[in-house]
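Okay, structure first, notes after.
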Amino acid sequence: MSRLGHTRDKIYKTVARQLHGVVPCWVCGQHVLPAAATLEHIQPLSEGGNSHLENLAISHDVCNNQRHATGVVPVSAEQPGKVQRR
């Protein structure tokens, strides 16, 4: 598994633990199953974003692809899947 794959699993488990098993998609807000989870760069790498935890969130694979196809960040997504730092 790639390094980002390990990061995705770690973030997913952390969010699930914090939110009692419910992991919302950063884009649509619906629950994401582990098999459908992808890492979303909140600020895309192509726009100067990075792969630090502050710039990563969990989303559905379909939502991630649709967001990048349109280039639009939904107003309703206020980072519900973002990991809270201790």
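Give just the number: which of (1) touching a Gly at 6+ places or on another chain (Cβ under 8 Å); (2) surrounded by fewer than 16 Cβ atoms within 10 Å (Cβ to Cβ) does TRP26 not satisfy?
Only one criterion in (1) touching a Gly at 6+ places or on another chain (Cβ under 8 Å); (2) surrounded by fewer than 16 Cβ atoms within 10 Å (Cβ to Cβ) is unmet by TRP26, namely (2).
Residues in the stretch 1-43 that are within 13 Å of SER59 (Cα to Cα) and assigned to a loop (DSSP other than H, G, I, E, B): how many?
Residues meeting the conditions: 11.
Do we have ALA37 as small (Gly, Ala, Ser), surrounded by 15 or more Cβ atoms within 10 Å (Cβ to Cβ) and free of Cβ contacts under 8 Å to residues at least 24 places away in the same chain here?
On the way: small (Gly, Ala, Ser): yes; surrounded by 15 or more Cβ atoms within 10 Å (Cβ to Cβ): yes; free of Cβ contacts under 8 Å to residues at least 24 places away in the same chain: no.
In short, no.
So, SER51, is that one assigned to a loop (DSSP other than H, G, I, E, B), among the polar types (S, T, N, Q) and at pLDDT 80 or above or not?
Numbers: assigned to a loop (DSSP other than H, G, I, E, B): yes; among the polar types (S, T, N, Q): yes; at pLDDT 80 or above: yes.
Taking the combined requirement at face value, the residue satisfies it.
Return yes or no: is ARG86 modelled with pLDDT under 80 and surrounded by 13 or more Cβ atoms within 10 Å (Cβ to Cβ)?
Details: modelled with pLDDT under 80: yes; surrounded by 13 or more Cβ atoms within 10 Å (Cβ to Cβ): no.
When the stated conditions are applied, ARG86 does not pass them.
The values are calculated or read from the model by the stated rules, or taken from the named source; none is laboratory data. Given the structure is predicted, the values throughout are model-derived calculations rather than measurements. So basically every Cβ, Gly included, is an ideal-geometry build from the backbone, and we count neighbours across all protein chains shown.
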